[in-house]
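First comes the structure, then the notes that go with it.
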Amino acid sequence: MSKLILVANWKNYPNSLPEAKALLKELSKKKALFSKTTLFIAPPAPYMELVANSFAKLASQDLFPTEKGAHTGTVSVEMLKSFGTKVAILGHSERRALGESSRDVAVKVKTALKAGITPLVCVGELVKDAEGEHFEFLREEIKASLTGVSKKDVEKIMLAYEPVWAIGKSAKDVINPGELSQTTLFMRKVLSDLFGRSAAEKVSILYGGSVEPKNVSDLMTGGVRGMLVGHASLNAKSFVGIVEAIFENK
Ligand code: PGA
């Protein structure tokens, strides 16, 4: 069984380089504990070098899908590679909210694959829905975000199920493990319909949306291979608490 995958999405935090350094310093005290996982940190671009030189593996929060050139305000895939970026979070709901479509995501997925960076493709419905209508939404979002990806390449991607209604809330507002299981099973079925069963089995599905020390053990029973953690990854105590909850049954 492969190691649990943990991806810290720092979003647009911490506010300053000293704060980012302090956070990494605190986390590195628990290096041995984190080594039970495959840990990626996705910082804002100015902190990439810092994370690249830390005990964690470097991830990016996005990527720009064309090669170098006159594209003000972007970071090219070559630059990401040169810092040793291993994973790129793509299609995060906060980027989709800025206008990114699944078609844009699909282009980025192929760019990442070509560059040898693992795409972590985020999907998730906007509102909580007890009637199961979100399943169709998810099917379409997965299908569109992976357009043009080959059977062989799909094995190299990871998917994150991030119900948008659960992002940035607290442990109590999160999805229950039963519903999560149902959803991850469904997502695997969609992958299997699109790419065949054996390829679908190889795709790691992560969960994201208010993962905290309090709920992570329950969420781990939902058929996922890891967690994409936002706000709780910005506080050393809560991020370490997540790993302790998983491995030390706290
Ligand atoms: P959250 O963010 O853990 O703060 O809900 C997760 C994410 O947006 O990836």
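The values are calculated or read from the model by the stated rules, or taken from the named source; none is laboratory data. Since we're looking at a predicted model, the values are computed, not measured. Virtual Cβ from ideal backbone geometry, glycine too; neighbours counted across all protein chains shown. Side chains are part of the model used for accessible areas, which takes the heavy atoms of the whole protein and leaves out ligands, DNA and RNA. Shrake-Rupley method; radii C 1.70, N 1.55, O 1.52, S 1.80 Å.
Would you mind stating whether ILE246 is outside any loop (DSSP other than H, G, I, E, B) and out of contact with any Lys or Arg (no Cβ under 9 Å at 6 or more places or on another chain)? In short, no. Filtered by the rule that a residue be surrounded by fewer than 18 Cβ atoms within 10 Å (Cβ to Cβ) and part of a helix (DSSP H, G or I), region 230-239 gives ALA236, LYS237, SER238. In region 225-236 there is no residue that is more than 21 Å from ALA59 (Cβ to Cβ) and more than 12 Å from the ligand (Cβ to nearest atom).
Just one of the listed residues (VAL190, VAL211, VAL216) is open to solvent by less than 20 Å² (accessible area, probe 1.4 Å), β-branched (Val, Ile, Thr) and more than 16 Å from the chain's Cα centre (by Cα), namely VAL190.
Restricted to strands (runs of 3 or more DSSP E) entirely inside region 81-186, those with at least 2 residues that are surrounded by 15 or more Cβ atoms within 10 Å (Cβ to Cβ) and of a type outside the set (A, V, I, L, M) are 118-123.
Considering only residues that are surrounded by 13 or more Cβ atoms within 10 Å (Cβ to Cβ) and among the hydrophobic types (A, V, I, L, M, F, W, C), which ones fall in region 8-22? Across region 8-22, the qualifying residues are ALA8, TRP10, ALA20, ALA22.
If you check LYS25, LYS68 for being open to solvent by 20 Å² or more (accessible area, probe 1.4 Å) and modelled with pLDDT under 95, only one passes: LYS68. Starting from region 203-220, take each residue that is without any contact (Cβ under 8 Å) to a residue 12 or more places away in the chain and list its partners that are not in a loop (DSSP other than H, G, I, E, B), counting only C-beta distances under 8 angstrom and pairs at least six apart or across chains. Close Cβ pairs (under 8 Å, with a partner that is not in a loop (DSSP other than H, G, I, E, B)) do not exist here.
State whether the residues of region 194-204 include one that is buried (at least 17 other Cβ atoms within 10 Å of the Cβ), among the β-branched types (Val, Ile, Thr), in a loop (DSSP other than H, G, I, E, B) and within 13 Å of the ligand (Cβ to nearest atom). No, because not a single residue in region 194-204 is buried (at least 17 other Cβ atoms within 10 Å of the Cβ), among the β-branched types (Val, Ile, Thr), in a loop (DSSP other than H, G, I, E, B) and within 13 Å of the ligand (Cβ to nearest atom).
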